[in-house]
Amino acid sequence: MTSLPVTAQTAGAGAARAAARRRGSRASRAASRRPGWLTYGLLAVILAISAFPLYYTLLLGSSSQEEISQQAVPQWLPDLSVLNRFAEVVASSQINFVKALTNSVIISVTASLSVVLFSTLAGFAFAKLRFAWRRGLLVFVIATMAVPTQLGVIPLYILMTDLDWVGKLQAVIIPAMLCPFGVFWMTQYLSSALPFELIEAARVDGASMFRTFRSIALPTAAPAAAMLFLFWFVMQWTMFFWPSIVLSSQNPTLPLVVQSLQGHYFTDYSLVMAGIFLVTFPLLVIFAIVGKQLVAGIMTGAVKG
Amino acid sequence: MAVLTHSRPGKAPPPAEQPPRRVGFSQRLGRWDVKLSPYLYISPFFLFFALVGAFPLLYTAYVSVHEWNLLGGQGEFVGLENFADVLAQPVFWKSVANTFSIFALSAIPQLALAVTIAALLDQNLRAATFWRMGVLVPYVVAPVAVSVIFGRLFADQYGLINAMLGVVGLDPVGWHSDRFASHLAIATMVNFRWTGYNALILLAAMQAVPRELYEAAVIDGAGRVRQFVSVTIPQIRATMVFVVITATIGGMQIFDEARMFDHLGMGGPSRNWMTTVLYLYDVAWGNQKNFGRAAAVAWLLFLLIVLIGLINFFLTTRIATGGGDRSTVSRKRTNAVIARARVDAQAARAAAGVNRSGTAPPGGAAAPPGAPPSAPHRTGQHDRGEHR
């Protein structure tokens with residue numbers, strides 16, 4: 001035998017581990033070698049299925065009414081005629097597309113910004129500050145994740161009627177500011193990403209609690225905050241149930257536009273499909289730009305449990 | 001420092017929350033700062049929860065025991081009459097059955113698929129981010145949009161799915177007329193949107209599994225499948241529970257997909273795909289405009305969700321812990337085992353004088369992850385790949 005086991009015996013388990021690591025992690029490389037074509041083939045199929053429905057909307061959007069009513073797939077490549085359909089959707093007086101787009105942006109941005117701010121504040125407190133009932137309150141927050149907020153719609157609607165908010169944007173924004181998952185996410189992230197030493201150093205330097213939060217916790221939380229923002233942004237952008245109850249077609253969001261398209265033009269599928277693509281397109285663009293960060297954010301894995 | 005702090009009140013963030021103002025105050029009283037700020041920081045959440053979470057839930061109970069109309073408002077106290085009315089409605093039971101059916105058809109295949117996709121992604125892929133992003137594409141499509149698109153794909157006439165069935169020589173399916181078929185179609189929409197999302201969450205958990213465990217498994221001669229069943233699954237238990245619970249809560253509340261499956265949005269001619277939330281919507285804002293009854297529906301649904309959630313929780317923990325002590329493998333012991341095995345393998349190889357040059361096929365995942373001695377030959381391959 002070589003001298004290595006001796007080292008392991010005399011220097012303890014830690015040294016043995018380090019030595020084992022130095023000697024080339026062969027087994028680990030075996031576990032992480034490149035996968036074969038089968039994996040890529042399967043992933044390509046999954047990708048094709050994921051992308052097809054959106055591609056299909058483009059196909060139907062660039063076909064005429066007659067073509068659609070006779071064939072499942074009128075053509076295999078979209079053409080420029082879909083642009084006319086886009087123009088038709090945007091210009092249509094019945095569906096308020098531009099207004100819906102503005103509303104969706106306002107709702108998604110304000111709700112996501114406030115959720116990020118409040119979640120980071122609460123997450124900072126839960127992760128790094130000591131106070132009475134800390135554990136109990138955190139358990140409570142996690143428990144509220146299991147409460148389906150959708151089920152409170154009737155009193156919420158009554159409340160909005162009393163406040164005279166029905167048909168107004170704040171009726172959608174205010175309930176969207178509650179995100180127990182965000183608090184949980186930020187608590188998880190900050191408790192591992194933010195060292196106590198940093199906070200102590202700031203405190204010793206005379207920073208107040210809020211200044212510590214602003215200059216130490218907030219920058220540290222940035223990656224997780226970006227992820228939370230995107231997550232909530234998509235949630236609000238695609239939300240339908242509550243806006244469909246509390247808003248009207250005069251003051252819609254984009255999912256409501258899809259509904260009125262389907263309602264008004266259900267015979268003209270070409271127009272409906274063009275509209276659907278338009279509704280999805282902004283999110284696709286955002287996704288293409290920041291998708292990498294979104295995926296990386298999910299990968300930072302707050303839900304490791 | 002002083003300059004900075006003086007400027008702070010002016011830079012207070014727009015929401016009229018207390019923290020900024022309190023901080024100015026607390027500077028003179030640092031002790032109060034430390035004591036109060038945690039509560040101030042968590043208060044926005046609890047404030048919003050009280051307003052749009054707890055209050056509605058409790059108030060729903062109040063509304064459910066009253067005569068209450070969308071237009072007329074609060075009527076007189078009727079006790080449990082609303083509950084009795086709802087429970088006596090065949091449509092309510094049909095909606096519950098529909099919900100369960102759609103939920104089962106979506107949750108089970110969705111999770112199985114998500115775990116599979118996550119396992120595929122949890123390899124040393126080229127362009128890993130590209131594949132991960134691709135899997136997430138359906139997530140950005142709004143459920144209403146998904147529903148209209150799939151409503152078209154699943155159209156009884158001239159729908160793509162039926163056309164494809166025709167090519168294979170099968171009869172077209174009445175996706176909108178047959179009850180089970182409509183559930184299948186709606187479940188497909190749910191799966192389309194959420195599978196990739198769940199796969200990524202599971203993938204995140206998989207990536208956190210200590211690699212030493214896989215090394216140990218490889219050394220023990222475990223193949224891909226065995227590694228997955230004996231190492232991966234027990235290790236991602238907590239995330240599995242999380243995903244199952246989320247899927248349950250979401251599955252019990254299916255609304256968007258069912259509402260938009262046809263242009264009338266009332267769950268089909270004979271309420272074949274009316275879910276319970278859609279029923280709730282219909283009772284409150286549809287024909288009946290009866291808030292009292294709708295609130296009763298909400299509470300019944302809430303109880304159902306809690307019940308299913310609990311069953312799920314116990315089942316998942318039971319199944320996931322079925323693997324026994326494997327999930328509590330001590331890292332220390334694993335490392336010791338690995339170190340010993342490596343030394344043994346090295347000694348054995350040295351004794352045999354083997355140093356075959358790399359004969360492994362490029363990217364040879366098709367070959368089973370063989371015994372340890374074959375592993376080193378692939379490392380050269382791997383190194384080159386990683387420098388890209």
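The values are calculated or read from the model by the stated rules, or taken from the named source; none is laboratory data. What you see is a predicted model, and the numbers here were worked out from it, not measured in a lab. Neighbour counts are summed over all protein chains in view; Cβ atoms, including those assigned to glycine, are modelled from backbone coordinates with ideal geometry. Areas reflect the complete protein model, heavy atoms only, side chains present, ligands, DNA and RNA absent. Shrake-Rupley method; radii C 1.70, N 1.55, O 1.52, S 1.80 Å.
Some points to look at:
- Å² per residue, accessible surface of region A:112-223 at 1.4 Å: 40 Å²
- All other residues whose Cβ lies under 14 angstrom from that of B:LEU136 are scored, Lys and Arg at +1 and Asp and Glu at -1, for a net of +3.
- Descending semi-axes in whole angstrom, ellipsoid equivalent of region B:217-300, from the Cα gyration tensor: 45, 15, 7
- Only helices enter the 222 nm calculation for chain A: every DSSP H run of n ≥ 4 contributes -39,500 (n - 2.57), and dividing by all residues gives -23500 deg cm²/dmol, rounded to 500.
- Distance-filtered residues of region B:156-170 - backbone nitrogen under 20 Å, label point 7 angstrom along A:GLU66 Cα→Cβ: B:158-159
- Helix A:37-61 axis, angle to chain A major axis (alpha carbon atoms, nearest 10°): 30 degrees
- Region A:170-256: radius of gyration over Cα atoms, expressed as a fraction of 2.2 N^0.38 Å: 1.49
- From phi via Karplus (6.51, -1.76, 1.60), per-residue ³J(HN,Hα) for region A:130-137 in Hz, x at Gly/Pro: 9, 7, 4, 6, 4, 4, x, 5
- Under-5 Å amide H pairs with B:HIS66, H placed in peptide plane, nonlocal only: B:VAL78
- Positive dipole terminus of chain A, leading residue within A:LEU190, A:PHE229, A:GLY167 (C-beta point charges): A:LEU190
- For B:152-160, mean number of other protein chain Cβ atoms within 10 Å: 4
- Once C-alpha pairs closer than 8 Å and six or more residues apart are averaged by separation and normalised to the residue number of chain A, the relative contact order reads 27 percent.
- Dimensionless Rg/Rh of region A:235-305 - Kirkwood Rh, Rg from C-alpha atoms: 1.12
- Gain on full stretching of the segment that runs from B:PHE313 to B:GLN157 - 0.36 nm per residue minus C-alpha separation: 51.9 nm
- Buried on assembly, region A:221-263 (at least 30 Å² less accessible surface than by itself, 1.4 Å probe): A:PHE231, A:VAL234, A:THR238, A:PHE240, A:PHE241, A:ILE245, A:VAL258, A:GLN259, A:GLN262
- C-alpha long axis of helix A:269-299 to longest principal axis of chain A, angle in °: 10 degrees
- Annotation: amide H of B:GLY73 has no partner in the under-5 Å range at sequence separation 5 or more or interchain, hydrogens built in the peptide plane.
- For the chain pair A and B, buried accessible area totals roughly 11100 Å², probe 1.4 Å, rounded to the nearest 100.
- More than 19 Å apart - percent of Cα-Cα pairs taken over region B:114-223: 60 percent
- The 3J(HN,Hα) values that the Karplus relation (6.51, -1.76, 1.60; θ = phi - 60°) gives for region A:229-238 are, in residue order, 4, 4, 4, 6, 4, 4, 3, 6, 5, 9 Hz. Gly and Pro appear as x.
- Residue-normalised accessible area of region B:114-187, expressed per residue, 1.4 Å probe, Å²: 37 Å²
- Tail weight of P(r) past 37 Å, computed on alpha-carbon pairs of chain A, percent: 39 percent
- Fraction of the pair-distance distribution of region A:54-199 above 28 Å, Cα-Cα pairs, percent: 50 percent
- Fraction of accessible area attributable to carbon and sulfur, region B:234-276 (%, probe 1.4 Å): 62 percent
- Based on C-alpha pairs under 8 angstrom that are at least 6 apart in sequence, region B:159-284 has a relative contact order of 21 percent.
- Hits among aspartates and glutamates - C-alpha to C-alpha of A:LYS128 under 13 Å, sequence gap 8 or more where chains match: A:GLU197, A:GLU200
- Placing a label point 7 Å from the Cα of B:SER177 along the Cα-to-Cβ direction, the residues of region B:267-282 with a backbone N closer than 17 Å are B:268-273.
- A 1.4 Å probe over all protein chains sorts A:ILE216, A:ILE142 by accessible area into A:ILE142, A:ILE216, starting with the largest.
- Residue-level accessible surface for A:GLU200, protein heavy atoms, 1.4 Å, Å²: 110 Å²
- Signed unit charges on C-beta, dipole axis of chain A, positive-most listed residue A:LEU137, A:VAL246, A:ALA100: A:LEU137
- Protein heavy-atom surface of region A:188-230, 1.4 angstrom probe: 63% of the accessible area is carbon and sulfur, with nucleic acids and ligands not counted.
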